[in-house]
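Before any comments, here is the structure.
Read-outs throughout are calculated quantities, based only on the coordinates presented, and are distinct from any laboratory measurement. Nothing here was measured: the structure is a model prediction, and the numbers come from that model. For neighbour counting, all protein chains shown are included, and Cβ atoms are generated from backbone atoms with ideal geometry for every residue, glycine included.
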Amino acid sequence: MSDRLDDLGRDEALRLYRQMVLIRLFEERAAQEYAYQKIGGFLHLYIGEEAVAVGAISTIRQDDLVVSHYRDHGHALAKGSDPKKVMAELFGKVTGLCKGKGGSMHLFDVEHGFLGGYAIVAGGMPIAAGHALASQYLGQGRVVLDFFGDGAANEGEFHETLNVAGLWKLPIVFILENNLYAMGTRVDRASANPELWERAQAYNMPGQRVDGMDVLAVRRAVGEAVRRARAGEGPSLVEALTYRFRGHSMADPARYRERAEVESWSGRDPITLFSAALQEAEMLDDAGSQRIHDEVAAQVEEAVRFADESPFPPPEALYQDVYAEG
Amino acid sequence: MPEMTYREALSLALREELRRRDCFFLMGEDIGAYGGSYAVTKGFLEEFGERRVKDTPISESAIVGLAIGAAMLGACPMIELMTINFSLLAMDQIVNHAAKIHYMSGGQVAVPLVLRMPTGGGFQLGAQHSQNLEGWFAHVPGLKVVTPSTPYDAKGLLKAAINDGNPVIFVEHSLLYGMRGEVPEEEYVVPLGQAAIRREGTDLTLIAYSRMAHVALEAADKLAARGISAEVVDLRSLRPLDVDALVRSVQKTNRALVVEEAPKSGGFGGEVVATISDQAFDFLDAPVGWVGGADVPMPYTRPLEALAIPDADKVVAGVQRMMPGRFR
């Protein structure tokens, strides 16, 4: 892995590392606050999958767009959302990204090009393609990264969207986060062909599978797909094989997974792997790593404090934002 | 004032917008090379080209989702769905997404999008092509629903819908496309959420929308011959509903009968009945009447289909049940 760090540069490499640590610590802290009932509803943690969001989003410009699903904290943070506003949204506070009306599953941050946060499996896919269509129609040159899971690949909206994206050569990259389980159903129990990346062929676009625990592998694959999209050569499908270290949501003890499987994947923690590569390339030492962890931990604590001290929305907010003012 | 058909009025509104604004474009099944299944977009491909008039695959969910995504970013897409029955394939995008995004995002992003689709039965198209599902959409906060019944309203409401800034379900009626009426040459809009009094009366109010507004007018003629003066209110918008217009009319007539083409159970007519009972109870001299479609999947054969859809005679019979002593 470390031999692939050369073209990245130390500053950028450490920026990615810091982002992965931020997502990890943010999610761990969110889990605690969920236990304290500061966060309600569903809470789907991205722990274990950090390399996918960080590697992929590191390849796009600020004005490019990201669309995600209900496990969306990591994508928003990687796109630049303020952890304070993300945490406040989880707390349901008026200072949250969506003034407390979206919640964990519906983050939106227009300022940073993060356009949702959709909690219907595959529901965000045609909308993401619509962003790409707008970019193409208006000549904006923007590229869209659309994240979704292995479960989404069996929805009709997946197939409808890839077909039209391939047909119209839309500037979009479909990033399939295959964490092997659609809730509790393993991918080979739900897909006639579990080689999901091969579905790209049916829609006349390149498809490939990459190691989703390797941030540099994700970055390389998505980077090439983004280049293609920006050049007008059309969409791509990148399947990142990854693993969520926690259950589907906080409500899920994940009894459907074998302990040996969990342990085997835990041994491939994307942050540990990247840290080792950085150390081998002499870009990071133990003291430096500790410093990053401490700084990020303080940042997350500040986010929790901000969320906790912020007010809930006032009653009159209930009927606001149902319709846009003409 | 020039006369034109409902179809031509829609077509004119779209042409004007396409000429006016480059951000405005159309998407739908067979709207381009074929010219539109009800010929509203005939000749558009030749005039505006493939960039502005996009034939899509038969993928209703993707079509609507694409339009939502484009609308969120400042493009101005308009969708034609071939019939309201096919909107069910896009229900996830319309209800779970278009209607919710503005609210879920805390007002950060809007979905200014018009979805045109014909509703209704009466053409022997059978159970899967003859439904009136507009009431379903009217149930959803975040959507607006309009149902023009005349060429004038078709053009004026479409202009208002295009400029509304929200997802608008624009419900045409498949049997009204050939109907003729006056349409002004100058620019005008018909604001969303405003009902129209189609005929003044004093004895009772008939409330309808879309093609049933014409059935109500025909019934009003027949009632006049029987000595009953019926006022006809055309809702024009189901959401927002013009509650004030309903209340004002009932204050005057003290009786109301709702006419709807859809099956009654769980339908929009019940919403109107309930609204009048809730808002104007003290002015009512009788329970609110209600004539609706039969509670059956639409049959194909002509005599049964005719039984299933309200007509003027059924409306007159409904009124007779409400006020038997008044009939001449």
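Tabulated results
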{"read-out": "Cα coordinate range in the range B:122-183, projected on the principal axes (Å, largest first)", "value": "36, 32, 11"}
{"read-out": "Highest-MSF residue in chain A out of A:GLU157, A:GLU89, A:GLU49 [GNM, Cα springs under 10 Å]", "value": "A:GLU157"}
{"read-out": "With at most 15 neighbouring Cβ atoms within 10 Å, loop chymotrypsin sites (Phe, Trp or Tyr not before Pro) (DSSP) excluded, longest segment of chain B", "value": "B:189-299"}
{"read-out": "Overall dimensions of the protein assembly as shown as given by Cα atoms, namely Rg and Dmax in Å", "value": "28.2, 101"}
{"read-out": "Sorted largest first, extent of the range B:3-182 alpha carbons per principal axis (Å)", "value": "44, 37, 31"}
{"read-out": "Binned Cα-Cα distance frequencies in the range A:2-311 - 10 Å width, integer %", "value": "6, 29, 36, 24, 5, 0"}
{"read-out": "Per residue, the convex hull volume that the Cα atoms of the range B:196-322 enclose (Å³)", "value": "98"}
{"read-out": "Antiparallel DSSP beta bridges within the range B:196-322, percent to nearest 5", "value": "20"}
{"read-out": "Cα Rg, Dmax, the range A:183-245, angstrom units", "value": "13.1, 39"}
{"read-out": "Hull-based mean projected area of the range A:208-276, where the convex hull spans the alpha carbons, in square nanometres", "value": "6.1"}
{"read-out": "Estimated FRET transfer efficiency (A:ASP285, A:ASP63; beta-carbon r; R0 35 Å; 0.05)", "value": "0.45"}
{"read-out": "Reachable aspartates and glutamates from B:LYS144, criterion Cα separation under 17 angstrom, eight or more residues apart if same chain", "value": "A:ASP321, A:GLU325, B:GLU80, B:ASP92, B:GLU134, B:ASP153, B:ASP164, B:GLU172, B:ASP234, B:ASP242, B:GLU271"}
{"read-out": "Per-bin percent of Cα-Cα distances, the range B:1-85 [10 Å]", "value": "18, 51, 28, 3, 0"}
{"read-out": "Rh (Kirkwood; distinct C-alpha pairs) - the range A:8-146, Å", "value": "15.2"}
{"read-out": "Spacing of the two label points (7 Å from each Cα toward its C-beta) at B:ASP278 and B:ARG15, in nm", "value": "4.4"}
{"read-out": "Förster radius 51 Å - calculated FRET efficiency between B:LEU88 and A:GLU295 (Cβ-Cβ, nearest 0.05)", "value": "0.45"}
{"read-out": "Quarter of the Cα convex hull surface for the range B:94-161, i.e. its orientation-mean projected area (nm²)", "value": "5.5"}
{"read-out": "Net lengthening on full extension, A:VAL262/A:ARG189 (0.36 nm per residue, minus Cα-Cα)", "value": "24.5 nm"}
{"read-out": "Paramagnetic reach from A:VAL110 in the range B:103-124 [backbone N under 13 Å; point 7 Å along Cα→Cβ]", "value": "B:103-112"}
{"read-out": "Sites B:VAL247 and A:GLU302 - FRET efficiency at Förster radius 60 Å, r taken between beta-carbons, to 0.05", "value": "0.65"}
{"read-out": "Peptide-level mean, for B:73-80, of C-beta atoms on other protein chains within 10 Å", "value": "4"}
{"read-out": "Global form of the range B:219-273, assessed from the alpha-carbon gyration tensor, a/c cut-off 1.5", "value": "oblate"}
{"read-out": "Degrees, to the nearest 10: B:312-322 long Cα axis against longest axis of chain B", "value": "50"}
{"read-out": "Paired Rg and Dmax values of chain B, which use every Cα atom, in angstrom", "value": "19.8, 63"}
